[in-house]
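Here the structure comes first, spelled out in structure tokens, and everything after it is commentary.
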Amino acid sequence: MSMILDKVNYIYSAQTAYEKQALKNINLKIADGEFIGLIGHTGSGKSTLIQHLNGLLKATSGGIYYNGRDIYEEDYSLKELRGKVGLVFQYPEHQLFESTVFADVCFGPKNLGLPRKETELRAFAALRSVGLSEEYWYQPPFEMSGGQKRRAAIAGVLAMKPDMLILDEPTAGLDPKGRDEILGQVAAMHRELSITVLLVSHSMEDVADYVGRIIVMDQGSILMDGAPKEIFQRYQELEEVGLAAPQVTYLMHGLRENGIPVDTGATTVEEARESILQAFTKAGKLRQ
Ligand SMILES: Nc1ncnc2c1ncn2[C@@H]1O[C@H](COP(=O)(O)OP(=O)(O)OP(=O)(O)O)[C@@H](O)[C@H]1O
Ligand SMILES: [Mg+2]
């Protein structure tokens, strides 16, 4: 099963003085079980794109097909789509509005028409899988920290048991520990619940360790789409659109330019460590 975007265009405030084409001819195929990073400079169209995937925004032109069905067909249920394709907003405040975290997390499954018992069981399971400690469950969401709010917002979407989880900048405003915890938790969900994950971020550093594919957007278009290794090799082009490859890429290229035969395709600190150790071990052996 999959999500396909065929020549999708989107224009905000069409035919007014504020007209803005935010998506330009987007072609995309997302297969089941993928873990994708969607990267782009501010204003490149990331949030606009993902709001198309669950039907919150309707393409000005082009088609979107989910599991083989045209989501713009008249009898297609967008409500059902929103249960299957869960979107966690860029600002958790836009998503949390009930009087307690627990009520908030129950909102989605309740809205799907599930019985109360099933709704509550799902809410408990979702709150546990995002690692939000029990002491917060019955508190008002707006009294929590940024990281806790994000967890609550993710739980609210997970409780609908989506096939696809889309997170818009889930680490914005978090400290490094909070960022690692959230990303680690998302990676665990991808593994354990085998859901497709689309992670929106400004930062290559954030996604490099986790995703299997990176889509780079620039000014409403897809500039690159491929495995992290392929994308990071093009770091000069990334810089031209205001992005950067992870620090590891620069380190490895620097070493190679200085005559140390390391693998410039290493994308994580772990891979870089292996490659550097190997290069030095080999050099040591040759000298003996
Ligand atoms: N409601 C709106 N009305 C008019 N223009 C909009 C609206 N929302 C976004 N835009 C414009 O569309 C373009 C894409 O915006 P979008 O929010 O999708 O970018 P983004 O990549 O998510 O940016 P960021 O990283 O800052 O979240 C920008 O030029 C933005 O100014
Ligand atoms: Mg955005």
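What are the residue pairs meeting all of these: first residue in the stretch 49-65, first residue more than 18 Å from residue 219 (Cβ to Cβ), second residue within 10 Å of ligand 1 (Cβ to nearest atom) and part of a loop (DSSP other than H, G, I, E, B), Cβ atoms under 6 Å, and 6 or more apart or on different chains? Pairs found: none. The number of residues in the stretch 1-48 being over 20 Å from the mean Cα position of the chain (by Cα), over 22 Å from residue 90 (Cβ atoms) and of a type in the set (Lys, Arg) comes to 1.
Only one entry of 121, 96, 56 meets the criterion of being buried (at least 18 other Cβ atoms within 10 Å of the Cβ) and either at pLDDT 95 or above or within 22 Å of the chain's Cα centre (by Cα) (or both), and that entry is 96. Note on the stretch 157-206: among residues that are among the basic types (Lys, Arg) and surrounded by fewer than 18 Cβ atoms within 10 Å (Cβ to Cβ), the one that is nearest to ligand 1 (Cβ to nearest atom) is 177. Cβ-Cβ distances below 8 Å connect the following pairs, each with a first residue in the stretch 144-159 that is more than 13 Å from residue 104 (Cα to Cα) and of a type in the set (A, V, I, L, M, F, W, C), a second residue that is assigned to a helix (DSSP H, G or I) and modelled with pLDDT of 90 or more, and a separation of six or more residues or different chains: 144/101; 144/136; 144/152.
Please indicate, with yes or no, whether at least one residue in the stretch 65-74 is away from ligand 1 (no atom under 16 Å from the Cβ), in contact with a helix residue (DSSP H, G or I) (Cβ under 7 Å, 6 or more places away or on another chain) and more than 22 Å from residue 211 (Cα to Cα).
yes
For the stretch 18-60, the candidate set comprises residues that are within 13 Å of ligand 2 (Cβ to nearest atom) and among the small types (Gly, Ala, Ser); within that set, the residue that is nearest to residue 210 (Cα to Cα) is 40.
Entry remark, the stretch 35-59: residues being within 8 Å of ligand 1 (Cβ to nearest atom) and assigned to a loop (DSSP other than H, G, I, E, B) number 5 in total. Taking the criterion of being aromatic (Phe, Trp, Tyr), at pLDDT 95 or above and either within 12 Å of ligand 1 (Cβ to nearest atom) or part of a strand (DSSP E or B) (or both), would at least one residue in the stretch 13-34 satisfy it? No; the residues of the stretch 13-34 include none that is aromatic (Phe, Trp, Tyr), at pLDDT 95 or above and either within 12 Å of ligand 1 (Cβ to nearest atom) or part of a strand (DSSP E or B) (or both).
Listed here are the residues, each with its yes/no results for (1) more than 30 Å from residue 21 (Cβ to Cβ); (2) within 16 Å of ligand 2 (Cβ to nearest atom); (3) small (Gly, Ala, Ser).
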{"site": "169", "(1), (2), (3)": "no, yes, no"}
{"site": "176", "(1), (2), (3)": "yes, no, no"}
{"site": "197", "(1), (2), (3)": "no, no, no"}
{"site": "203", "(1), (2), (3)": "no, yes, yes"}
{"site": "218", "(1), (2), (3)": "no, yes, no"}
{"site": "227", "(1), (2), (3)": "no, no, yes"}
{"site": "231", "(1), (2), (3)": "no, no, no"}
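The values are calculated or read from the model by the stated rules, or taken from the named source; none is laboratory data. All of these numbers come straight from a predicted model, not from anything done at the bench. Note that each Cβ is placed from the backbone with ideal geometry, even for glycine, and that neighbours are counted across all protein chains shown.
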